[in-house]
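In what follows, a single structure is set out as structure tokens and then discussed.
The values are calculated or read from the model by the stated rules, or taken from the named source; none is laboratory data. These numbers were taken from a predicted model, which means no experiment stands behind them. Note: ideal-geometry Cβ built from the backbone for every residue, glycine included; neighbour counts use all protein chains shown.
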Amino acid sequence: MSDPDLVGSPAAFISTFALSSTHLDLIRGQPESVDAISLKADLMGALRNELRNEKTPQSLVAVVHLLLTELPTSDKDTLVVHARGLRKMVEARGGLHALTKDGNIASVLTM
């Protein structure tokens with residue numbers, strides 16, 4: 001996967017740091033850190049902006065990363081909200097089949 005495909009938007013870029021911070025917290029065996037919480041807040045703000053304006057394929061990557069950052073600390077309802085949002089975004093782009101031209105994006109969504 002090439003970097004432009006995965007971090008080609010502000011939200012996708014921030015999402016890599018949010019995911020990394022969450023992963024680091026898990027490795028250290030510590031509760032969610034201030035850094036992880038701050039990065040998730042930044043990510044949600046960037047996503048809101050992108051979804052309001054650009055709707056890039058990389059926004060899908062950012063939502064997957066957001067969902068993954070929520071796994072260790074969130075309740076089922078929060079995870080369901082993000083998963084439903086992701087499904088709506090994929091459907092709005094014609095489904096997974098339509099995203100195969102963005103091969104890296106489709107790969108991330110099906111992992």
Out of all the residues in region 36-50, is one or more modelled with pLDDT under 95 and hydroxyl-bearing (S, T, Y)?
no
Take the residues in region 100-111 that are under 16 Å from the mean Cα position of the chain (by Cα) and in a helix (DSSP H, G or I), then tell me which one is modelled with the lowest pLDDT.
T110
When residues of region 68-82 are limited to those that are free of Cβ contacts under 8 Å to residues at least 12 places away in the same chain and either among the β-branched types (V, I, T) or surrounded by 17 or more Cβ atoms within 10 Å (Cβ to Cβ) (or both), the one farthest from L39 (Cα to Cα)
V80
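If I filter region 16-32 for residues that are of a type in the set (V, I, T), modelled with pLDDT of 90 or more and under 27 Å from A92 (Cα atoms), do I get at least one hit? Give the steps one after another, and end with the answer.
Going through region 16-32, the residues of a type in the set (V, I, T) turn out to be 16, 22, 27.
Subsequent filtering for residues that are modelled with pLDDT of 90 or more retains 16, 22, 27.
Now narrow it down to the ones that are under 27 Å from A92 (Cα atoms): 16.
Among the residues of region 16-32, at least one is of a type in the set (V, I, T), modelled with pLDDT of 90 or more and under 27 Å from A92 (Cα atoms), which makes the answer yes.
Can you work out which of the residues in region 22-51 that are of a type in the set (S, T, Y) and assigned to a helix (DSSP H, G or I) is farthest from L68 (Cα to Cα)? Outline the logic, then answer.
Of the residues in region 22-51, the ones of a type in the set (S, T, Y) are 22, 33, 38.
Subset that is assigned to a helix (DSSP H, G or I): 22, 38.
Values: T22: 9, S38: 16 Å.
It comes out as S38.
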